[in-house]
Amino acid sequence: MSAEYATFALAPAMRAGGVLAGGDHQVHRDFVDFVVDGRPLLFRLADLDAVSPLASDVPPAIFTAQVRSLLLETEAPLPGGRHIVYGCPECEALACGAVTAVIERDGEDFVWRDFAWQTDERADLEFNGYRGIGPFRFRGAEYRAALAALLDGGSPAARRRVLLVGARVAVLARLAAALRTIGIGADITHDTGGVPADELRGYGAVAFGEAVTEEERRAVRRAFDRAGADVAYVDGLAPIVPVLVAQIEHALDRGPRARRRLAGLAATDGEAGVEVTSPCRVRLTAYRLDRLRRTRGHEVFDGVLGPGRHRIALDAGAVRGRAFVVARASESVLVAAVARGNRAAPEGGGPLGSAV
């Protein structure tokens, strides 16, 4: 079979969870993504919300079985030598739809070909094939080394626990409940002085409430430094649970910045500026506190954006008063406070293309 060689690698990735407008939620998933020629394979599928079968929250035996299947050490799970490359992030049902491909050996090489969207046992390439993706030929040594490293404990460990530090117990309790709902563990404290070092090292992020003083923040940071814990710190923007969840989701994203689809976000009372590195579905939601300090959420955009910078109009009523905009792609989240009277320009500068 003729196909140019492509490089093969693996990288940590996540499917961003979150509390959505209207009260819905989506589950946070950490997984290992396939990187082909230096670019995540998932990025070639513009509006797909999916994870690879190499998810960090599956039992070790199942994870190992998935790796051995990709190494062709076991029978293919689907007829015709087809393997699931990306599946539903909420469940394991093929009926929800999955991206599959034939994986086969050609001499010492491994070849991935005939990518398709599949919802039952048989793939229909004529109607559901992904034209323009693959075939990919990987050198056997490189391919086996990347996957074998996962069997040797090289898979990134999920660090889906967050420590919430603050004085507003009611807000922290609602935030902790929301995080647990989407699969992120959360604990609440006001003092880390007596917490064992091993426990501190189990957290991936620390979120500070607005009422936490700078002195208290420094004390928390010193405790984590003494424990040798590498954590991300989040300064809560407002007592708005969906905004805080989005901030924490962003902090938990340990993937390389160069491989993120959402590269920038800024917002004013008239427009949001969004920078995208590759085609993807982007959802923008505006949140604000009304006069009674109740949270109001309004979805302002949901569509596929191409690479570049885009301006998206914001309804004045949706961002009245103290307001924030949350941008979501399937694997990343950004949050921006709404500034007043300035043109929105994502970090990096330059003119914005028009999205609407």
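Observations on the structure shown:
- To put it simply, the accessible area of the chain at a 1.4 Å probe is 50 percent carbon and sulfur.
- The long axis of helix 241-252 is offset from the longest Cα principal axis of the chain by roughly 50 degrees.
- Fraction of antiparallel bridges per DSSP, the range 103-189 only, in percent to nearest 5: 60 percent
- Nearest 10 degrees, 0 to 90: helix 169-181 Cα axis against the chain principal axis: 10 degrees
- Label-to-label distance for residue 71 and residue 180 is 3.9 nm, based on points extended 7 Å past Cα in the beta-carbon direction.
- Accessible surface calculations at 1.4 Å, restricted to protein heavy atoms, place the chain at 45 Å² per residue.
- Per-residue packing, averaged as other Cβ atoms within 10 Å, sorts the ranges 8-17, 285-294, 303-312 into the order 8-17, 303-312, 285-294, beginning with the highest.
- Label-to-label distance for residue 219 and residue 131 is 6.5 nm, based on points extended 7 Å past Cα in the beta-carbon direction.
- Label-point separation, residue 4 to residue 148 (7 Å along Cα→Cβ), nm: 2.9 nm
- Using the Cβ-Cβ distance between residue 281 and residue 57 with R0 = 30 Å, the FRET efficiency computed as 1/(1 + (r/R0)^6) comes to roughly 0.80.
- Take each peptide in 325-334, 110-119, 90-99, count the other Cβ atoms within 10 Å of every residue, and average; sorted highest first, the result is 325-334, 110-119, 90-99.
- Segment residue 235-residue 339, extension gain: residue separation times 0.36 nm, minus the distance between their alpha carbons: 35.7 nm
- Translational diffusion coefficient (Stokes-Einstein; Kirkwood radius from C-alpha pairs) of the chain at 20 °C, 1.002 mPa s, in µm²/s: 98 µm²/s
- Listed residues 88, 41, 200: farthest to the positive end of the dipole of the chain (Cβ charges): 200
- Taking Lys and Arg as +1 and Asp and Glu as -1, the other residues whose beta-carbon sits under 11 Å from that of residue 300 total -3.
The values are calculated or read from the model by the stated rules, or taken from the named source; none is laboratory data. Model, not experiment: these values are computed from the prediction. Positions of Cβ are backbone-derived with ideal geometry, glycine not excepted, and every protein chain shown enters the neighbour counts. Heavy atoms of the whole protein, side chains included, go into the accessibility calculation; ligands, DNA and RNA do not. Shrake-Rupley method; radii C 1.70, N 1.55, O 1.52, S 1.80 Å.
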